[in-house]
Amino acid sequence: SDITGWPQVAQIYQQRMVFAATLTQPSTIWLSRTADFYSFAPTEIAQQDRGSSVSDGLATEIITDASALNFTLDSDTLDEIKWLAESKKLTMGTSAGVYMLYGSETNLTVTPFRFTINRETTFSATDTAPVIVSNAVIYPQIGGKDVQALLFEGESQQWNSSKISLKGYDIIKSSQIKKMVWQERPLNIIWIMMDDGRLLSLSYDRQTSF
């Protein structure tokens, strides 16, 4: 509302519309019903759906796997959500690091009965949206002068963070990153727009070098 504020970021994930970060709830996200972007109702009339459900005791409204749900990030700091990104897991860039939302390690589908939220790195994010390259999330770190790559390593089964702009820090340091765009063809390049009007290019190829 105009009083409590409107969501600042949005994304589509697993056929759900996802909103996040209002003025009064900066660390909360809301997920719509599956395949119904306009409904954020946490329950529904029992006769309208079947499958896994929990009754309220009156057998009038139930919670199903498709029901809408919301989460508030729980940590020792106020983690304001800056952006959302879709990959196998829903990535949330915040002022205190990057979180992942998913069902479980064996079933990634998020439901009211199966969900997991983990903070994968403490490198804080800016308002600038990331780019997704294969299984890597590349985003500007807070301050807008460094580029972090959050990469899922198959052998270690965990997300590892690395600063891929280290060699180009002298080029970036005079201003801040405002926007990033991934170009896959003909060359693997991340285009970076700076707030002083410059356009920088960052070659990115994990199979060889950065």
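Quick one: in segment 62-107, what % of C-alpha pairs are over 12 Å apart? Please list the in-between numbers first.
Numbers: 715 of 1035 pairs.
Here the long-distance tail beyond 12 Å is 69 percent of all Cα pairs in segment 62-107.
Could you give the length gained on full extension between S39 and D196, defined as 0.36 nm per residue of separation minus the Cα-Cα distance, in nm?
On the way: separation 157, 0.36 × 157 = 56.52 nm, distance 4.14 nm.
Stretched out fully, the S39 to D196 stretch lengthens by 52.4 nm.
What distance in nm lies between label points placed 7 Å from Cα along the C-beta direction at K163 and S1?
Distance between the two pseudo-spin positions: 4.5 nm.
Give me the number: length gained by fully extending I132 to S104, i.e. 0.36 nm times residue separation minus the C-alpha to C-alpha distance, one decimal in nm. Write out the running numbers ahead of the final one.
Details: separation 28, 0.36 × 28 = 10.08 nm, distance 2.13 nm.
Result: 8.0 nm gained on full extension.
With respect to the cross-link table entries K89/K145; K82/K173; K88/K145; K89/K179, which display a Cα-Cα separation exceeding 24 Å?
Violating the 24 Å limit, Cα to Cα: K89/K145; K88/K145.
How many Å³ per residue does the convex hull of the Cα positions in segment 3-134 occupy? Numbers along the way, then the final one.
Details: hull volume 17.4 nm³, N = 132.
Cα convex hull per residue, to the nearest whole number: 132 Å³.
Out of residues 5 or more away from Q141 or on other chains, whose amide H comes under 5 Å of its own, with H placed 1.01 Å from N in the peptide plane?
Here the answer is D146, V147, Q148, since their amide H atoms fall under 5 Å of that of Q141.
Using Cα pairs under 8 angstrom and six or more residues apart, how large is the relative contact order of segment 1-133, in percent?
The value is 18 percent.
Over the chain, what percent of the accessible surface lies on carbon and sulfur atoms, probe 1.4 Å? List each step's numbers first, then the result.
On the way: 6070 of 11720 Å².
C and S fraction of accessible area: 52 percent.
With charges set only on the Cβ (+1 for Lys and Arg, -1 for Asp and Glu), what does the dipole of the chain come to about its Cα centre, in debye to the nearest 20?
Working: 17 positive and 23 negative charges, 142 e Å.
The dipole of the chain has a size of about 680 debye.
The values are calculated or read from the model by the stated rules, or taken from the named source; none is laboratory data. No experiment lies behind these values; they were computed from the predicted model shown. Note: ideal-geometry Cβ built from the backbone for every residue, glycine included; neighbour counts use all protein chains shown. With ligands, DNA and RNA removed, areas are computed over all heavy atoms of the protein, side chains included. Shrake-Rupley method; radii C 1.70, N 1.55, O 1.52, S 1.80 Å.
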